[in-house]
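Asker: I have a structure I would like to understand better, so I am pasting it below and will then ask my questions one at a time.
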Amino acid sequence: MPKHKTKSVRHQIAIMGQEASHAVLLAAGLSTRLGQPKALVDIAGRPAIAWVYEHLQAGGCTQIVVVVNEHIRSSVSEILPSAVLAVNPNPEHGRTGSLQCGLRTLANSIEKPLQRVLMAPVDRPGFNSETVRTLMRSERSAAPSSDGSGGHPVLLDNKAIHQILQAPPNAPLRDLIEFQRVEMDLPWRHLNIDRPEDLEALNIHHDALFSYFTASEGI
């Protein structure tokens, strides 16, 4: 599998007037309905996980932990050779369990309490770096919203992080955290990678997705 390297200059990007955040990228799901790893699905010529990781970097996230399952560990390491990976041994227990795994790995790597963490699931990649920058201006847990509908990624504050770490791994995140809605333009908020028919939609909208993903990337 060819390597899809991210642009190293983006490691240095920080938000003007705002401390750069950390992030957890969730890619540990077993993709039973899709039939192939969601992280490796092609979107506009690149794996989904490469797009999401790069958008987090370009939005100001200087330390990112990518949570994977053992089956895709080597593939993700090849795509993102500089990324910190955390392997969830029990991804079937739920997404919150994967988030807990990522948060603990992140806390150990920075050796201090986590204050603000952005969480992005690889199967909801319909955002770009501008979404990240807008979210990170929020002072408390926040989620993007457009036309009354929420989306991803989400920003977790210190209180939310503590609640998540204390919760059962199968507890839905929406039952644990009350997110402040941040209105923004999210034309691809419903983009999902879950079933085979979703892959067809990615192919149909190839050009429009590429244009949106790169609109705020400076490329």
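Taken together, the values in this text are just the output of simple stated rules run on the coordinates, not laboratory data. What you are looking at is a predicted structure, and each value in this text was computed from that prediction instead of being measured. In this analysis, Cβ positions are derived from the backbone assuming ideal geometry, glycine residues included, and neighbour counts consider all displayed protein chains.
Asker: Output the antiparallel fraction of DSSP beta bridges having both residues in the range 8-198, as a percent to the nearest 5.
Answerer: Once the DSSP bridges in the range 8-198 are tallied, antiparallel ones form about 30 percent.
Asker: Find how much the distance from ARG73 to ILE204 grows on full extension, using 0.36 nm per residue of separation minus their present alpha carbon separation; answer in nm with one decimal. Walk me through the numbers on the way to the answer.
Answerer: Working: separation 131, 0.36 × 131 = 47.16 nm, distance 2.92 nm.
Result: 44.2 nm gained on full extension.
Asker: Among SER31, SER109, SER98, determine the one that fluctuates most according to a GNM of the chain built with springs between C-alpha atoms less than 10 Å apart.
Answerer: Maximum among the listed residues: SER109.
Asker: Sort ASP175, ASP123 by Cβ crowding within 10 Å, fewest neighbours at the top. Show your work: numbers first, answer last.
Answerer: Values: ASP175 8, ASP123 22.
So the residues, fewest neighbours to most, are ASP175, ASP123.
Asker: Would you compute, for the Cα atoms of the range 8-198, the largest minus smallest coordinate along each principal axis and list the three values in descending order, in whole Å?
Answerer: Sorted largest first, the three principal extents are 41, 36, 35 Å.
Asker: How large is the helix-only mean residue ellipticity at 222 nm for the chain, computed as the sum of -39500 (n - 2.57) over DSSP H runs with n ≥ 4, divided by its residue count, in deg cm²/dmol to the nearest 500? Don't jump to the answer; show the numbers that get you there.
Answerer: Numbers: 8 runs with 72 residues, N = 219.
Per the formula, -9500 deg cm²/dmol.
Asker: Then there is this: At 7 Å along Cα-to-Cβ for each site, give me the label-to-label distance between ASP175 and ARG195 in nm.
Answerer: 2.4 nm
Asker: Order 161-173, 67-79 from most to least packed using the mean count of other Cβ atoms within 10 Å.
Answerer: On the way: 161-173: 15.8, 67-79: 19.0.
The peptides rank, most packed first, as 67-79, 161-173.
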